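Beneath this line is the structure, given in structure tokens, with notes to follow.
The values are calculated or read from the model by the stated rules, or taken from the named source; none is laboratory data. Not measured: the values here are computed from a predicted model. Every residue, glycine among them, receives a Cβ derived from its backbone with ideal geometry; neighbour counts consider all protein chains shown. SASA here: full protein model, heavy atoms, side chains in, ligands and nucleic acids out. Shrake-Rupley method; radii C 1.70, N 1.55, O 1.52, S 1.80 Å.
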Amino acid sequence: MRATRFRGAAAIALTGVLALSLTACSGDDSGGSGPVDLKMALWSSNKDHLALLQKIGDAYVAANGDEVASITFEPVTNPDYIAGLTTQLAGGDVPDLAWIPEASGPEFVDAGILHDVRSTLEGTDGYNLGDILPAALAPWQDDKGGVYAYPFSNSPFALYVNEDLLKKAGQPDVKALVGTPDYTWDKIADIAAATNGSTGAVGLNVPTFNPTNWSAVTMLGNAWGAAPWSEDGATCTFASPEMIDYLTWHQRQMRRGAIPAVSGNAAPAAFASGEVAFSVAQLSQSGSLDDSFTWSFLPLPAGPKGYHPIVGQAGVSVLERSTHKEQAAGFLAHLTNPANAELLAQFFPPPRASLLNVQTLAKAAPKLSPEQIQSAIIDVVPEATVKPQHPVLSRFSDKVRAGLDPVWSGGDVRAAVTGICEQISPTLKG
């Protein structure tokens with residue numbers, strides 16, 4: 001759990017929109033006697049996601065109509081979800097609940113934007129807060145034990161493999177390497193480079209990566225023992241030997257064709273095209289795949305410092321400035337109870353230990369075999385770490401992005417990361 005020393009700065013940091021103390025300006029629950037209308041802001045506009053959420057919301061209203069008259073789920077239309085959400089907050093159009101991505105979680109917690117729901121969750125019959133994996137809940141707590149979100153999506157990153165493309169390139173069966181000392185990033189990079197050389201297809205892709213989303217690449221440095229900053233967030237470690245080794249490795253793979261070169265903000269080739277040998281992505285990518293080629297879903301390989309699984313998260317929270325915090329917290333407890341968490345698992349890998357089983361997760365990934373679900377999800381999620389987070393990330397993220405540009409273009413890695421630490425250290429130290 002994080003220290004609270006960032007709390008004042010973080011409120012100002014959120015994209016420059018919230019230049020005020022949200023804690024001080026938080027709304028009080030309405031004193032009205034009638035049932036209230038609740039609104040939840042979310043990133044997804046997927047019709048199936050919205051239909052399931054509305055079904056759960058309507059059931060709650062039917063059972064609690066004396067407290068809640070309606071629940072509306074509203075996607076934020078701004079392409080930059082966080083910018084859109086914080087604009088709403090600053091402008092007074094405050095939703096009662098919101099979907100919060102993991103990268104913004106610590107900043108929102110430390111800024112006082114999210115409401116502590118621990119007492120509500122613990123006091124709800126059958127909720128079982130202890131069923132939630134500690135590693136999944138940790139980013140959404142403070143050092144006083146407050147709970148500020150339910151991590152409803154806890155999706156591991158895995159390695160998608162185009163088996164047909166590797167066979168065409170005369171490369172080995174990667175599935176047979178899993179669990180052996182040969183299942184490493186070096187070996188995967190060698191196969192990726194060979195496949196690129198013989199077929200012209202993309203070797204190893206990280207679909208979420210572009211220069212503005214640098215954390216999707218630096219997170220893989222965990223397997224080198226690399227991290228962008230110290231555990232307490234106060235010290236820049238971009239210039240550590242481990243990070244230099246990892247970024248140098250990544251740069252070398254770009255030169256040899258194992259990893260595609262960065263091209264502005266252009267989206268990388270999609271694994272579903274059949275022209276990518278390997279893709280690092282989350283469970284949701286499986287939904288875009290069909291039987292046009294044979295593919296597998298494997299745990300991430302090991303690096304020099306071993307195997308380090310990674311998850312991407314999203315939380316659902318009650319907003320501190322909601323005027324209906326008590327009712328919103330009650331609905332949050334309903335939305336994320338064991339029964340509804342199992343329903344949500346068809347789209348979002350759950351953080352509940354009781355739901356980490358093949359039967360439940362097969363609903364979220366019907367195209368995966370039981371063996372793939374076991375090895376790449378169930379066996380890795382309990383110990384996985386969350387993508388890099390920081391309580392004032394928005395204050396320095398652009399400096400990191402600019403500082404890494406020379407790395408992607410083949411420049412001096414050590415000079416680039418040293419410059420990054422010079423740029424961001426004053427901010428990290430508060």
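In sequence order, the stretch 95-106 has phi-based couplings of x, 7, 9, 8, 7, 10, x, 4, 5, 9, x, x Hz under the Karplus curve 6.51 cos²θ - 1.76 cosθ + 1.60, θ = phi - 60°, and Gly or Pro positions carry x. Exposed loop sites are taken as trypsin sites (Lys or Arg not before Pro) in a DSSP loop (any state but H, G, I, E or B) with at most 11 other beta carbon atoms within 10 Å; the longest stretch of the chain without one runs 145-428.
Pair-distance distribution P(r) for the stretch 154-253, from all Cα-Cα distances in 5 Å bins starting at 0: 2, 11, 18, 21, 19, 15, 8, 4, 2, 0 percent. Amide H contacts under 5 Å for F157: I310, V311, G312, restricted to partners 5 or more places along the chain or on a different chain, H placed in the peptide plane at 1.01 Å from N.
By the helix-only formula, in which each DSSP H run with n ≥ 4 contributes -39500 (n - 2.57) and the sum is divided by residues, the chain has a 222 nm mean residue ellipticity of -10000 deg cm²/dmol. Based on alpha-carbon atoms, the Kirkwood radius and the radius of gyration of the stretch 300-430 give Rg/Rh equal to 1.09. With all protein chains kept in place, the per residue accessible area of the stretch 23-174 amounts to 41 square angstrom at a probe of 1.4 angstrom. At q = 0.23 Å⁻¹ the log10 of I(q)/I(0) for the stretch 83-198 amounts to -1.32, computed by Debye summation with a single uniform scatterer per C-alpha, solvent ignored. Couplings 3J(HN,Hα) for the stretch 56-66, derived from phi with the Karplus relation 6.51 cos²θ - 1.76 cosθ + 1.60 (θ = phi - 60°), are 5, x, 5, 5, 5, 4, 4, 8, 9, x, 6 Hz, where x marks Gly and Pro. The spacing between the stretch 283-336 and the stretch 96-115, judged by their C-alpha centroids, is 15 Å. For the stretch 293-359, the list of chymotrypsin sites (Phe, Trp or Tyr not before Pro) that fall in a loop by DSSP and count at most 14 other C-beta atoms within 10 angstrom is empty.
Compute the helix-to-body angle for 325-335: its Cα long axis versus the longest principal axis of the chain, expressed 0 to 90° and rounded to tens. That helix lies at roughly 50 degrees to the long axis. In this calculation the C-beta distance from A402 to D66 is compared with R0 = 60 Å, giving a FRET efficiency of 0.65. Computed as a quarter of the hull surface, the mean projected area of the alpha carbon convex hull for the chain stands at 19.7 nm².
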